[in-house]
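Encoded as structure tokens, the structure appears first; notes follow it.
The values are calculated or read from the model by the stated rules, or taken from the named source; none is laboratory data. Quantities reported herein were computed from a predicted structural model and do not represent experimental measurements. Note that we place each Cβ from the backbone using ideal geometry, even for glycine, and neighbour counts take in every protein chain shown.
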Amino acid sequence: MSLFSQIQLLPRPFWVLVGATFVNRFGVFVVPFLALFITRNGNTPAQAGLAVAAYSLGGFVASAIGGWMADRLGRNVTMALAALSGAVCMLAMSQAVDWRALAILAFITGAITDSGHPASVALVQDIVPPEQRVTAYAVQRFAINLAWSLGPATAGFLAEHSFFWLFAVDAATSAIFGIIAWLFLPRGRRTAREHAGWSHAWQSIRVNKPFLALFGACLCVAWIFRQTNTTFPLHFERNGLELHLCGLVLAMNGAMICLFEVPLASGLRMWPVKQVLAIGYILMGGSFLIFLASGSLTAFVLMMIVFTIGEMSAFSRQQAYAASLSPEDMRGRYVGFLGFAWCAGSTASSALGMSLYDYHSTALWTLNAGLGVLAALLILYSRKARVS
């Protein structure tokens, strides 16, 4: 079946979700520049790292609450509540200066905003047949990264004039997403109250060895991925490069994914899933080793190219692989539990990565590469996945 035919088969509600996601992700202006916003307010890099870590730490609450809400209340309700409440929190965070106040507000914002993620992923699993999920997730990531290719470039120019506009636009696009989710997206599969608790989900998860291996791999990859939003822009600035160029280099990631990920996902459909994931993880972690050779603009561009090739290889496959391991009545909580890995890895990466960078950047780049290899090994040596 041709790529065009695969895309045509995707259902209409999926396209509504993709369009709303594009609007929301275009406005993700704050997170890539949050560390710089905090340091520009007179706080140290280590303090900025703790505040950014607080945002990631909020994701633990988001995963727990969001996973339960997605299964019990419905997908669209959960996404709408998270987006509308998150918009208010984002505006409040724009008014803080001290890193301690920023850390508290960042925690609350992360807890609320990210609680919609399990519902979004679970809704795709609800409305898209298993054989179309790799294509669906690739298309969804196309929309996300088309927005990402435009958003950071715009945010970089805005940041040179006023950081407040980053928060204002971020809040506005979140509100638009919330309204669309409430009015135009389906509620999706719901679980009865007596079976919607986390204890039922944990009984399933703890014996699901392939899923636990994926959890460990995501823990490693989350550390690596967070570095693109923390030490990457800081390293860029410390090498004497202009801030708007950092936005353009970050936008390369989204542009490459828009151009190549959907065809790549279609072309690799017949390749072994775990091998493709492993290659992707190794490339993502190993890309940071380029900084051992140079801190020039060329090095940053090359690093982003290698990193993005790894991301394209792994991420749409990773979501489909996770879906194949999730029982239908626990999809929200399974996504939420996997979110714990991303929260833990991102929190540790924000809190420790910035300090490690200040102490010895070479050690940080080497650690990133090692975690990519570890993630690959966890996937390769897990038992064969069952199909849902």
> Within segment 358-369, how many residues are closer than 16 Å to Phe232 by Cβ and at pLDDT below 90?
Replying inline: 1
> Within segment 233-279, how many residues turn out to be farther than 16 Å from Met304 by Cα, of a type in the set (Phe, Trp, Tyr) and either in contact with a Leu (Cβ under 7 Å, 6 or more places away or on another chain) or assigned to a helix (DSSP H, G or I) (or both)?
Replying inline: 0
> Among (1) over 17 Å from Pro118 (Cα atoms); (2) buried (at least 20 other Cβ atoms within 10 Å of the Cβ); (3) of a type in the set (Gly, Ala, Ser), where does Gly216 come up short?
Replying inline: (2)
> How many residues are in contact with a helix residue (DSSP H, G or I) (Cβ under 8 Å, 6 or more places away or on another chain), modelled with pLDDT under 80 and hydroxyl-bearing (Ser, Thr, Tyr) if we restrict to segment 1-59?
Replying inline: 1
>> Of the residues Gly310, Gly285, Gly336, Gly372, only one is touching a helix residue (DSSP H, G or I) at 6+ places or on another chain (Cβ under 7 Å) and modelled with pLDDT under 90; which?
In response: Gly336
>> I need the full set of residues from segment 223-266 which are within 18 Å of Ala155 (Cα to Cα) and polar (S, T, N, Q), in order please.
In response: Thr228, Asn229, Thr230, Thr231, Asn253
> Do you know which residues across segment 160-174 are closer than 12 Å to Val30 by Cα and hydrophobic (A, V, I, L, M, F, W, C)?
Replying inline: Phe163, Phe164, Trp165, Leu166, Phe167, Ala168, Val169, Ala171
>> Looking only at helices (runs of 4 or more DSSP H) that lie completely in segment 1-86, which have at least 3 residues being surrounded by fewer than 24 Cβ atoms within 10 Å (Cβ to Cβ) and among the polar types (S, T, N, Q)?
In response: 3-8
> Does Gln95 satisfy the criteria of being farther than 18 Å from Gly339 by Cα, of a type outside the set (A, V, I, L, M, F, W, C), touching a helix residue (DSSP H, G or I) at 6+ places or on another chain (Cβ under 9 Å) and part of a helix (DSSP H, G or I)?
Replying inline: no
> Can we say Leu377 is in a helix (DSSP H, G or I), of a type outside the set (Ser, Thr, Tyr) and closer than 29 Å to Ile38 by Cβ?
Replying inline: no
> Looking at (1) in contact with a Gly (Cβ under 9 Å, 6 or more places away or on another chain); (2) farther than 30 Å from Phe163 by Cβ, which is the only condition Gly27 fails?
Replying inline: (2)
> Is it true that Leu183 is farther than 27 Å from Asn253 by Cβ, out of contact with any strand residue (DSSP E or B) (no Cβ under 9 Å at 6 or more places or on another chain) and modelled with pLDDT of 90 or more?
Replying inline: yes
>> I need the full set of residues from segment 231-256 which are at pLDDT below 85 and in contact with an Asp or Glu (Cβ under 8 Å, 6 or more places away or on another chain), in order please.
In response: Leu243, His244
> Quick one: in segment 219-274, which of the residues that are of a type in the set (S, T, N, Q) and more than 20 Å from the chain's Cα centre (by Cα) is surrounded by the fewest Cβ atoms within 10 Å (Cβ to Cβ)?
Replying inline: Asn239
>> It is to be established whether one or more residues within segment 125-143 are surrounded by fewer than 21 Cβ atoms within 10 Å (Cβ to Cβ), part of a helix (DSSP H, G or I) and free of Cβ contacts under 8 Å to residues at least 24 places away in the same chain.
In response: yes
>> Which numbered condition in (1) small (Gly, Ala, Ser); (2) more than 25 Å from Thr347 (Cβ to Cβ); (3) assigned to a helix (DSSP H, G or I) is the only one that Ala201 fails?
In response: (2)
>> Every residue in segment 306-341 that is outside any helix (DSSP H, G or I) and either crowded, with 24+ Cβ neighbours inside 10 Å or acidic (Asp, Glu) (or both), please.
In response: Ser326
> Taking the stated definitions as given, is Ile282 of a type outside the set (Asp, Glu), more than 20 Å from Ala341 (Cα to Cα) and either over 16 Å from the mean Cα position of the chain (by Cα) or assigned to a helix (DSSP H, G or I) (or both)?
Replying inline: no
